[in-house]
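Engineer: I'd like to ask some things about the structure below.
Any read-out appearing in this document is the output of simple, stated calculations on the displayed coordinates, not a laboratory observation. Bear in mind the structure is a predicted one, so any value in this text is a computation, not a measurement. Here Cβ is always computed from backbone atoms with ideal geometry, including for glycine, and neighbour counts include all displayed protein chains.
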Amino acid sequence: MTAVAGAPQRAGTAAPGRRRATRTSPVRPSGADTRLTLAQLPAFWVVVALIAAGAVTMGGVGWEFLTTYPAAFIVAAVLFALYAVPFWLFVSELDYLEREPPLLQAVAFAWGGLVATSVAIAGNTAVQDIIAKLGSPALAATWGPATAGPALEEITKTLGVVAIVLIARGQVNSVLDGVVYGALVGLGFQIVENVVFAMGAVAASGQGDAIGPVVTTFLLRGFLAGLWSHTLFGALAGAGIGYLVVRTDRRLRTRVGVAVMAVLGAWLSHFLWNAPILGDGFGNGAVAVLVVLLLKGLPPLLLVLLLIRSAHDREADYYVSQLVDLNDPEVVTPRELRALAAGSRRAGARWHARSRAGHQAYLAVRRLQRAQAQLAVAVSRAQLGAVSAAPGAAHLRGAVRRHRAEVLRQRAVLRRLGHPEAYAPADQPGPWRRTGGRIGLVVLAVAVVWAAVSALGGA
Amino acid sequence: MVRRRQLASLLAGLVLAAVLGLIAYGLPAIDRALPSSEPVPAGRPYDVGGGVTLVPPAGALVDLTRTRPAADRGTAVFLLGAVRYAVTVAPFDGGLTAAADRLRARITATAGYQVTGAESTVATAGGVTGIQGGYTAPGRAGRYAVFLADEVAVEVTVSGTDLELADALPRIEAATGSIRRGDAS
């Protein structure tokens, strides 16, 4: 092992003078501020009250479903709750280096599932009625869902990210944080909305407490429409709020403009999805409908994936540079820095350790990477705490010592196992190859689910 | 300083709640302020959706909050005083009996609603055959009918008090008899 000489530009090996993070300051860590606890912030109690009100409203809706169609409702709730798990894990993993507190993640999800849904249900109905009254019922039937839903739902979901900023400004310190909170708000909305739609399908089927319409809705809305739905729109809008909050080096006008553009982008993606455009553009066959789905869904999906990649890389640059500045090969090596900066390489390093030194090495690398990430965050916050002389500065320095000790402990474990360095082999597939592979898998999965839905007669 | 931060936090939280309040309560208030029904032109076919039309009952108002005609399906709700006359069109790939079963199940899914009497066949002026029957609900009586035309099911439900229903039924039956789908009638 050698001392670390340079910080990664994208993935670990550029000169410090070329660091993107240094040039653009995309990450604004905050030192601990113990002057006001969460409970002392009035905005926190407003958010709690709003979530409680949303829970009462949506609880009433759920109770009605449960008493009318008990089996169908339970199946729908369980299916979509399970569906949320991989989404939640994926979104949480996006910000591996600086994970968001579970409480705030839960608040974001609850906002989407309880506040945004209950407000949007009332608003959507009203707007569609207003369109019918001022225009015509036909106009409301054709364009109402594309007009009311995107406008109101994107606003109510974006306010969820704003709520997170109001109660925990210090936790939104990169564009990626905005993406994570926005995606979680969107996920909460998507799950509850899907359950409501599933129950609507059960009621419309006229088959009583039947599970078939729930399964069809699960396949249709969970898979065919699930990848480019509220989670995606929320992530895009959240990125804008993240930019507004973080990029204080830019003029306020610019930041507000970017935030507005991001929310408009979310609205446009949602509008295109709901709009009757291309409704009959390619005929009525399964393939034709699949083409329309991909045409409407893939562009925003690719846009958000590129956005996430850029935001992730910038944040990784910043936190990895914190470790570079420690200049301590016992804490991190250049090859470990490269691995730490990307999720695929982190996983590659773990599997490489397993192949060379067994499962214990796999676990030790995982703990080492976690500790290195926590150390990077702690270092960045301690520096800020030292500058601002915040009351929690001593606590922050303690966190640095604690995480450094954990890194050294895991290093010792790896050394004992004969695999002292947690690096990923250089012959891993490139990022574009991986991305292409994933998109191919998505397209294949959509096609398979479409075939299943067609067989069920639900399409 | 702390108090200023708390005040700012309170203000921001209240603004957040106010925006949500505008959406949840302001928009429905505007909606309620606008008239929810309007007269339909007499004697002219009305588009229900899914290619289905009917000539609305004379003197009926169309309920603008429930009527939604779309390309492949739709709903039209007409009001004759307190009598509600609803026509719903949706794709359906089963037979007429299955369509009638589905409509009956949907009616009786509401607490207190019961189907009464025997069903009978019915036909529109254009020759589309269907099944009709009656039901009761707390304080109200109702009629239903279902037709199948070119893989769409047309469901008709009528409800009102006995007296109002008896008065409006001839006009409603005439309207139901005018149901047509495209050129196939």
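Engineer: If a paramagnetic tag sat 7 Å from the Cα of A:H395 along the Cα-Cβ line, which residues of segment A:161-205 would have the backbone N under 14 Å from that point?
Structural biologist: Backbone N within reach: A:170-171.
Engineer: Can you compute log10 of I(q)/I(0) for the protein assembly as shown with the Debye formula, treating each Cα as one identical point scatterer, at q = 0.05, 0.07, 0.11 Å⁻¹?
Structural biologist: -0.30, -0.56, -1.11
Engineer: While we're looking at this one, here's another question. Starting from the amide H of B:A153, placed 1.01 Å from N in the peptide plane, find each other amide H under 5 Å away whose residue is 5 or more places distant or on another chain.
Structural biologist: For B:A153, whose amide H was placed from the backbone, the distant partners under 5 Å are B:A90, B:F92.
Engineer: While we're on this one: Could you tell me the center-to-center distance, by alpha carbons, between segment A:184-201 and segment B:53-88 in angstrom?
Structural biologist: Rounded to whole Å, the Cα centres lie 30 Å apart.
Engineer: I'd like the mean, over residues of B:66-75, of how many other protein chain beta carbons sit within 10 Å of each residue's own Cβ. Could the numbers behind the result be given before it?
Structural biologist: Details: counts 3, 6, 9, 7, 9, 6, 3, 1, 3, 2.
Mean partner-chain Cβ count within 10 Å for B:66-75: 5.
Engineer: Which FRET efficiency value, to the nearest 0.05, do you get for A:A204 and A:L305 by plugging their Cβ-Cβ distance into 1/(1 + (r/R0)^6) with R0 = 25 Å? Let's see the in-between values first.
Structural biologist: Values: r = 35 Å, r/R0 = 1.39.
Working from the Cβ atoms, E equals 0.10.
Engineer: Another question, if that's okay. If R₀ is 41 angstrom, what is the calculated FRET efficiency for the pair A:N327 and A:A106, using the beta carbon separation as r and rounding to 0.05?
Structural biologist: Once the sixth-power term is evaluated, E becomes 0.60.
Engineer: Per residue of A:204-213, how many C-beta atoms from partner chains lie within 10 Å of its own C-beta, taken as a mean? If you can, show how the numbers build up before the last one.
Structural biologist: Working: counts 4, 3, 12, 4, 4, 1, 1, 0, 0, 0.
If you average over the peptide's residues, the count of other-chain Cβ atoms is 3.
Engineer: Give me the distance in nm between label points sitting 7 Å out from Cα along the Cα-to-Cβ direction at A:A49 and B:A42, one decimal.
Structural biologist: 5.5
Engineer: Using a Förster distance of 60 angstrom, determine the FRET efficiency expected from the C-beta separation of A:Q360 and B:Y25, and round it to 0.05. Show your work: numbers first, answer last.
Structural biologist: Working: r = 59 Å, r/R0 = 0.99.
Result of the calculation: an efficiency of 0.50.
Engineer: How would you order B:169-175, A:368-374, B:100-106 from highest to lowest mean count of nearby Cβ atoms within 10 Å?
Structural biologist: Values: B:169-175: 17.7, A:368-374: 23.0, B:100-106: 19.4.
Answer by packing, highest mean first, reads A:368-374, B:100-106, B:169-175.
Engineer: Using 0.36 nm times the number of residues separating B:L96 and B:A71, minus their current alpha carbon distance, what extension gain do you get? Present the calculation step by step, with values, prior to reporting the outcome.
Structural biologist: Values: separation 25, 0.36 × 25 = 9.00 nm, distance 2.21 nm.
That works out to 6.8 nm of additional length.
Engineer: Using the Karplus equation 6.51 cos²θ - 1.76 cosθ + 1.60 (θ = phi - 60°), what ³J(HN,Hα) coupling, rounded to whole Hz, does each residue of segment B:160-176 give in order, writing x for Gly and Pro?
Structural biologist: x, 6, 3, 5, 5, 5, 4, 6, 8, 4, x, 5, 5, 5, 5, 5, 5
Engineer: Using the Kirkwood formula over every pair of different C-alpha atoms, what hydrodynamic radius in Å results for chain B? Don't skip to the end; give the middle numbers.
Structural biologist: On the way: mean 1/r = 0.0541 Å⁻¹.
One decimal place: 18.5 Å for the Kirkwood radius.
Engineer: Another question about this same structure. Taking 0.36 nm per intervening residue step and subtracting the Cα-Cα distance, what contour gain separates A:L444 from A:L252 on full extension? Display every interim value, and only then the final one.
Structural biologist: Values: separation 192, 0.36 × 192 = 69.12 nm, distance 4.37 nm.
Value of the extension gain: 64.7 nm.
Engineer: Report, as an integer, the average count of C-beta atoms from other chains found within 10 Å of each Cβ along B:30-40. Please list the in-between numbers first.
Structural biologist: On the way: counts 5, 11, 2, 2, 6, 1, 3, 1, 4, 0, 0.
If you average over the peptide's residues, the count of other-chain Cβ atoms is 3.
Engineer: Something else now. How large is the dipole of segment A:59-150 about the Cα centre if only Lys and Arg carry +1 and Asp and Glu carry -1, each at its Cβ, rounded to the nearest 20 debye?
Structural biologist: Working: 2 positive and 6 negative charges, 61 e Å.
Computed about the Cα centre, the dipole is about 300 debye.
Engineer: What translational diffusion coefficient, to the nearest whole µm²/s, does segment A:330-428 have by Stokes-Einstein, given a Kirkwood radius computed over alpha-carbon pairs, a temperature of 25 °C and 0.890 mPa s viscosity?
Structural biologist: 177
Engineer: Helix-derived [θ] at 222 nm for chain B: sum -39500 (n - 2.57) over DSSP H runs of at least 4, divide by residue count, nearest 500?
Structural biologist: Working: 4 runs with 56 residues, N = 185.
Mean residue ellipticity, 222 nm, calculated: -10000 deg cm²/dmol.
Engineer: Please list, ordered by chain and number, the residues whose modelled amide H lies under 5 Å from the amide H of B:L64; skip anything fewer than 5 residues away on the same chain.
Structural biologist: Under 5 Å from the amide H of B:L64 lie the amide H atoms of B:S37, B:E38, each far enough along the sequence or on another chain.
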